[in-house]
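Following: one structure in structure tokens, then a few remarks.
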Amino acid sequence: AVYGFVNALENALGLFKWIGAAYLVYLAVKILASRPDFSGQERVPSFWTGFLMQFANVKIFLYGITVLSGYILPQNTSLITIVLTQIFVVAVCSFAPLIWGLLGVKLKPLYVKYYLAANISFAVMLLFCAWNMIWS
């Protein structure tokens, strides 16, 4: 019974590997086809759009779970430690998108000037990742 479960798990992981690689190839094609908006009209998202998007960011939840389960709970289970840890996680996860957004604003003129070279570089890196997922 255990052998059957392990075999099924290996088959599922192999399938997910192919699905993930196909998604990376799809993203590479989309990046190659994308062009910057030269119309000059900026689409400015609202504060609430950005705020609500943070709840859809799975990485934040996984980061919080990893910090708690891997580093905090094995050492300390007091409520104050857990609360302070989660406040720290929220602070870090709030600061990182802010830096990412500021860099995006500052690098946009450079990207608009060299978008074709940048898009080709990004697409090649995605294709390399897809290749490594399947044949490594």
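For the pair ASP37 and SER69, a Förster radius of 25 Å applied to the C-beta separation gives a FRET efficiency near 0.05, rounded to the nearest 0.05.
Note on TYR115 and LYS30: the extension gain reaches 29.3 nm, defined as 0.36 nm multiplied by sequence separation minus the Cα-Cα distance. Compute the FRET efficiency between LYS59 and PHE5 as 1/(1 + (r/R0)^6), taking r as their Cβ-Cβ distance and R0 = 35 Å, and round to the nearest 0.05. Calculated value: 0.75. Of the residues THR77, VAL25, PHE61, the one whose Cα sits farthest toward the positive end of the charge dipole of the chain, with +1 on the Cβ of Lys and Arg and -1 on the Cβ of Asp and Glu, is VAL25.
For the pair TRP18 and VAL44, the difference between a 0.36 nm per residue extended length and the Cα-Cα distance amounts to 5.7 nm.
Kirkwood radius and radius of gyration were both taken over the C-alpha atoms of the chain, and their ratio Rg/Rh is 1.08. For the stretch 1-64, the extents of the C-alpha atoms along the principal axes are 61, 32, 13 Å, listed from largest to smallest. Total lysine pairs in the chain at Cα distances under 23 Å, for residues eight or more apart or on different chains: 5. When all alpha-carbon pairs of the stretch 62-119 are counted, what percent fall beyond 13 Å? That tail contains 69 percent of the Cα-Cα pairs.
The numbers here are math on the coordinates, done by the rules we state, and not lab data. Here the structure is a predicted model, which is why all the values come from computation and not from measurement. All Cβ positions, glycine included, derive from the backbone under ideal geometry; neighbour counts span all protein chains shown.
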